[in-house]
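Let me begin by presenting the structure, written as structure tokens, before commenting on it.
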Amino acid sequence: MPELPEVETVARGLQREVTGQKILSVTLGKTDFIDNPAALERELPGRSITRVERYGKFLLLRLNMREDAQEQKEEAALLVHLGMTGLLMPQPVNQPQAKHTHVILLLGDGRELRYIDPRRFGRIAYLAGDGLSRELQKFGADPLEANLEEFAQRIQQRRARIKALLLDQSVIRGVGNIYADESLWKARIHPAQLGARLGRAQVKELYARLQKTLQKAIQLRGSSISDFLDAEGMPGEYQLHHRVYGREGKPCFRCKTTIRRAIVAGRSSYYCPNCQKAPRSWKKLRRRKAGKQRSTKNRA
């Protein structure tokens, strides 16, 4: 699923390509991932895209008011989450539509902004005024905008495991499995460590490593693990620089210890058992689970 670097890459491409374009019409296919399909058909025609930006893992296509609108002006935007297989890109109107094209916005320059999503795990919503504000307030701090003090406060005041905190969009928005694992490995922090148990130096190191990892991934247009393509239809390259994610059974780049995979916060987490020392609570939990498994096998 696209994370902060991938969504930032798409946002920058769309900012170059479609900012200033007026939306002439809306054509919808399957709509089960759209909050209110009628709102898109009613509200988008006649509006121009004033800016495209990233908000966490979401794209925000900021919109102006329709020329014929008489009501009080209020901020409006099209919120887009790409899900696991979503693509949003402008294409010539005469180019054949790809299979699973579910939203088409005809633009003033004759191109179409097309949303393509085979699995339809994404989300699209037209939001305005208080509805837009309420939606955005659900999310935590942006890791590239938050200062160290805010980051530390959000991490150290919670007893959840650090991997869970990094994935919790109400704590830190935009980080997912790939960049959480990569940053924790670089900071030498085990994914099961409790946020409240991290020392000041560890939090500072994680903050720096997370920012550098995200910035480098943005420079390389994100990670293309399976389906990700940017707004120009090009894959990212940061997957060539992964140091721990997806490397179970391979040697650690630092110490050559075999990389392991464990389920932390309900997600597969890759780590080096030598560089990232497990907390005692995690070791005890693992031993209890192993004991229960052996007991079950013996009874069988």
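What to note about this one:
- Scope the stretch 13-67; condition more than 20 Å from residue 221 (Cα to Cα) and basic (Lys, Arg); matching residues: 22, 30, 42, 47, 62, 66
- Hey, residue 148 aliphatic (A, V, I, L, M) and in contact with a Ser or Thr (Cβ under 9 Å, 6 or more places away or on another chain) or not: no
- Among the residues of the stretch 165-188, those that are buried (at least 24 other Cβ atoms within 10 Å of the Cβ), under 21 Å from residue 259 (Cα atoms) and of a type in the set (A, V, I, L, M) comprise 166, 178, 180, 184.
- The residue that is farthest from residue 216 (Cα to Cα), among those in the stretch 239-251 that are without any contact (Cβ under 8 Å) to a residue 24 or more places away in the chain and assigned to a loop (DSSP other than H, G, I, E, B), is 249.
- Residue within the stretch 95-114 that is surrounded by fewer than 18 Cβ atoms within 10 Å (Cβ to Cβ), under 30 Å from residue 146 (Cβ atoms) and out of contact with any helix residue (DSSP H, G or I) (no Cβ under 9 Å at 6 or more places or on another chain) present: no
- Meets criteria (over 19 Å from the mean Cα position of the chain (by Cα), small (Gly, Ala, Ser) and surrounded by fewer than 18 Cβ atoms within 10 Å (Cβ to Cβ)) for residue 76: no
- Residue check, residue 54 farther than 30 Å from residue 203 by Cβ and not polar (S, T, N, Q): no
- Looking only at residues in the stretch 236-282 that are small (Gly, Ala, Ser) and over 26 Å from the mean Cα position of the chain (by Cα), the one that is farthest from residue 180 (Cα to Cα) is 281.
- Scanning the stretch 134-163 for residues that are loosely packed, with under 13 Cβ neighbours inside 10 Å and without any contact (Cβ under 8 Å) to a residue 24 or more places away in the chain gives 134, 137, 145, 147, 149.
- Close pairs from the stretch 36-58: first of a type in the set (Ser, Thr, Tyr), partner part of a helix (DSSP H, G or I), Cβ under 8 Å, at least 6 apart: 55/136
- Condition met for residue 62 (surrounded by fewer than 21 Cβ atoms within 10 Å (Cβ to Cβ), at pLDDT below 95 and not aliphatic (A, V, I, L, M)): no
- Qualifying residue in the stretch 164-173 (condition: acidic (Asp, Glu) and either more than 15 Å from the chain's Cα centre (by Cα) or not assigned by TED's automatic domain parsing to the domain that holds residue 271 (or both)): no
- In the stretch 258-284, residue nearest to residue 199 (Cα to Cα) [restricted to those that are in a strand (DSSP E or B) and hydrophobic (A, V, I, L, M, F, W, C)]: 264
The values are calculated or read from the model by the stated rules, or taken from the named source; none is laboratory data. Just so we're clear, the structure is a prediction, and the values are computed from it rather than from any experiment. Neighbour counts run over all protein chains shown; Cβ positions are idealised from the backbone, glycine included.
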